[in-house]
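Heads up: the structure comes next, in structure tokens.
The values are calculated or read from the model by the stated rules, or taken from the named source; none is laboratory data. It should be emphasised that the depicted structure is a prediction, and the values quoted were computed from it without experimental measurement. A quick note on method: Cβ atoms are made from the backbone with ideal geometry, for glycine too, and the neighbour counts reach across all protein chains shown.
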Amino acid sequence: MPADPSTIEKFVDSFMSSQIHQTFDKQQLQRAVDTSEAWLWRARAQVLLGLRDEISRADAKPSGDAQDSPLEAKLRAQNIPHSLRKMAADMPKTIPLAAQRAHEKGIIGEVEGGDFGIVVEMKEDNAVPTEQRRTATVPYSSLDPDHLDALRKIAESRFLAFAWALGKIDKWCPEKTAELVSINPMSALWTPGEN
């Protein structure tokens, strides 16, 4: 920071001008947005899978009770529409189709076990240098709940960052993520057309 207060404005302007006039490859940006949408879709699909068993149990119970079950109250509180029950039931069939489509379109790198492939580092002796450690690709659904939660948060953050940077939301607000379905007019995962 300059010591002379009269030079501050010039200093800040010189710094900001390099950020304002940055150029970017529109196709590269579009690919990044498409990838962000696909991973957010997969994270949301995992949440539906998690609710699937609860939904099935709740649907199997006779509704002789006028009061909502805890799940019904939770779904209503989270503004999850009743139509998602069918989506949750179909999700095990939809994920392999989405993974294959995303791979064919070049949005994800690998499909593993009919799911989005996640590259994980194998546990090794700490003496093995990082660059020599082995990796494996595993299905998204095979990760433990902590890793699934971390991936969901990463997907939500990237999606929110693109939505904010591209003007789809006017302020940085993580709560807005749930309101946004897609940055593109239609999620890149499901758009017809070129691969």
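Do you know which residues across the range 144-176 are within 14 Å of Ala43 (Cβ to Cβ), of a type outside the set (A, V, I, L, M) and touching a residue at least 40 places away in the same chain (Cβ under 8 Å)?
Arg152, Glu156, Arg158, Phe159
Take the residues in the range 89-104 that are touching a residue at least 24 places away in the same chain (Cβ under 8 Å) and more than 17 Å from the chain's Cα centre (by Cα); name whichever of them is surrounded by the most Cβ atoms within 10 Å (Cβ to Cβ).
Ala89
Kindly indicate which of Glu121, Glu112, Glu104 is modelled with pLDDT under 90 and of a type outside the set (S, T, N, Q).
Exactly one residue qualifies, and that residue is Glu121.
So Ala178 ticks every box in (1) closer than 23 Å to Arg52 by Cβ; (2) surrounded by 14 or more Cβ atoms within 10 Å (Cβ to Cβ) but one. Which box is left unticked?
If we test Ala178 against (1) closer than 23 Å to Arg52 by Cβ; (2) surrounded by 14 or more Cβ atoms within 10 Å (Cβ to Cβ), just (2) comes out false.
Hey, can you tell me all the residues within the range 152-173 that are in contact with a helix residue (DSSP H, G or I) (Cβ under 6 Å, 6 or more places away or on another chain) and assigned to a helix (DSSP H, G or I)?
Once the filter is applied, which keeps residues that are in contact with a helix residue (DSSP H, G or I) (Cβ under 6 Å, 6 or more places away or on another chain) and assigned to a helix (DSSP H, G or I), the range 152-173 yields Arg152, Ala155, Glu156, Arg158, Phe159, Leu160, Phe162.
Looking for something touching a strand residue (DSSP E or B) at 6+ places or on another chain (Cβ under 9 Å), surrounded by fewer than 18 Cβ atoms within 10 Å (Cβ to Cβ) and among the charged types (D, E, K, R) - is there at least one such residue anywhere in the range 114-129?
So far as the range 114-129 goes, yes, one or more of its residues are touching a strand residue (DSSP E or B) at 6+ places or on another chain (Cβ under 9 Å), surrounded by fewer than 18 Cβ atoms within 10 Å (Cβ to Cβ) and among the charged types (D, E, K, R).
Can you spot a residue in the range 139-162 that is within 20 Å of Leu49 (Cβ to Cβ), in contact with an Asp or Glu (Cβ under 6 Å, 6 or more places away or on another chain) and at pLDDT below 85?
no
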